[in-house]
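Read-outs: derived from the displayed coordinates by stated rules, not from any lab. Since the model is a prediction, treat every value here as computed from it, not as a measurement. Don't worry about glycine lacking a Cβ; one is built from the backbone with ideal geometry, like all the others, and counts go over all protein chains shown.
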Amino acid sequence: MKTLKQWLTAIGGATVGWAAWRLFAPEFWQRAPSPFLSTAPLRATALITGASSGIGEAFARRLAREGYDVVLVARRKERLEALAEDLKRRHTIAAQAVVADLSRAEDIRRVADMVAGLANDGQLDLLINNAGFGTVGHFVDVPMSEQMNMLAVHVEASVQLTRAALPGFLRRRRGGIINVASIAGWFPMPGNAMYGASKRYLINFSQSLQAELEGSGVFVQALCPGFTYSEFHDAPAYRAAGFRRDVIPPFLWQTAEQVVEASLNQLGRGEVICIPGLHNRAIVLLGTVTPPAIVRAVRRRAGV
Ligand SMILES: NC(=O)c1ccc[n+]([C@@H]2O[C@H](COP(=O)([O-])OP(=O)(O)OC[C@H]3O[C@@H](n4cnc5c(N)ncnc54)[C@H](OP(=O)(O)O)[C@@H]3O)[C@@H](O)[C@H]2O)c1
């Protein structure tokens, strides 16, 4: 008969072991070569939303280097066309620019039809729902139109493109879907309520979807980056609020290339959540096990 002390030691040891596994194991699989990429057919295609800058552009560059044909979706035509030309020249792949505003229902439908067509013809291997943006300010102060645009870009577009890709992926028994969420999806986000909630949606949606798709050959990932160098924080809302990158300690930042490397290397390993960077996993782990009252007190002290 075990004593209480022995039970507590066993539970404590198991908890520490579990936490260490969550923290450190991804460091190994996020650095090892990607099982998804290494089993790609000779001609593979990825469609990436929000490909005109930041993480989306880094996905496009990395996949083109792997020999993928790419379909690049965003609003800024010149950026997309310049990137497509650059990738075609460097890697002798096919690259197509598709101008679309994913906050507009008709543009979402147009891109979804394109995704369905490619997937049904067996010409799409990877869908990356990456387009996104942030707002700054309390829910009651940010114009409703901006909040609804965010829901459309983060949620509606991702859901519709995913649904459009799936029948073709399932028929072929191969496909990858990366939904770019954020570590913000793991916590309440006062001052960014819709952002955190829409990213939480993508995390939960990806987890449920992967459970439904178990054994189908289709892999779903919810990619949860932390602070990443990109144009995200150059948006007018952040500039108006006086956001400065240098007030965030440098060790909390990653490059878009680091985020993309971690994501692609983890895809196909049976783990839905990809949190690039040990520091980001530590933040999520701590934030999700710390009692809410302590989190609130820390927030109050930090003024956020
Ligand atoms: N940077 C970070 O710290 C960070 C952290 C966690 C998660 N994320 C997420 O990572 C994703 C990529 O962001 P990023 O950091 O790479 O920022 P970014 O450089 O600003 O890129 C955002 C991309 O989304 C596109 N986009 C925005 N609104 C769009 C719309 N209405 N229709 C179509 N495309 C639209 C932009 O293209 P156009 O302007 O040309 O349309 C751009 O290509 C986002 O989902 C973001 O929430 C970023």
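Data table
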quantity: Other-chain or far-sequence residues with amide H under 5 Å of residue 241's (modelled H); calculated: none
quantity: Gaussian network model of the chain, springs between alpha carbon atoms under 10 Å - residue of 212, 27, 257 with greatest fluctuation; calculated: 212
quantity: Anisotropy class of the chain from Cα gyration tensor, a/c 1.5 cut; calculated: oblate
quantity: Within the stretch 107-199, chymotrypsin sites (Phe, Trp or Tyr not before Pro) in DSSP loop having at most 16 other beta-carbon neighbours inside 10 Å; calculated: 139
quantity: Nearest 10 degrees, 0 to 90: helix 105-120 Cα axis against the chain principal axis; calculated: 80 degrees
quantity: Selection from 130, 8, 33 lying farthest towards where the dipole of the chain points positive, charges on Cβ; calculated: 8
quantity: Computed [θ] at 222 nm, deg cm²/dmol, the chain (DSSP H ≥ 4; -39,500 (n - 2.57); rounded to nearest 500); calculated: -16000 deg cm²/dmol
quantity: Sorted peptide list for 54-66, 2-14, 38-50, criterion being average Cβ within 10 angstrom, highest first; calculated: 54-66, 38-50, 2-14
quantity: Peptides ranked, highest mean first, by Cβ atoms within 10 Å: ranges 176-183, 235-242, 196-203; calculated: 176-183, 196-203, 235-242
quantity: The stretch 144-272, relative contact order [Cα under 8 Å, separation at least 6], %; calculated: 25 percent
quantity: Separation of alpha-carbon centers, the stretch 34-94 and the stretch 233-273, rounded to whole Å; calculated: 19 Å
quantity: Relative contact order of the chain, pairs being alpha-carbon contacts under 8 Å that are 6 or more residues apart, as %; calculated: 20 percent
quantity: 3J(HN,Hα) from dihedral phi, the stretch 55-65, Karplus parametrisation 6.51/-1.76/1.60, rounded to Hz, x for glycine, proline; calculated: 5, x, 5, 5, 4, 4, 5, 5, 6, 5, 5
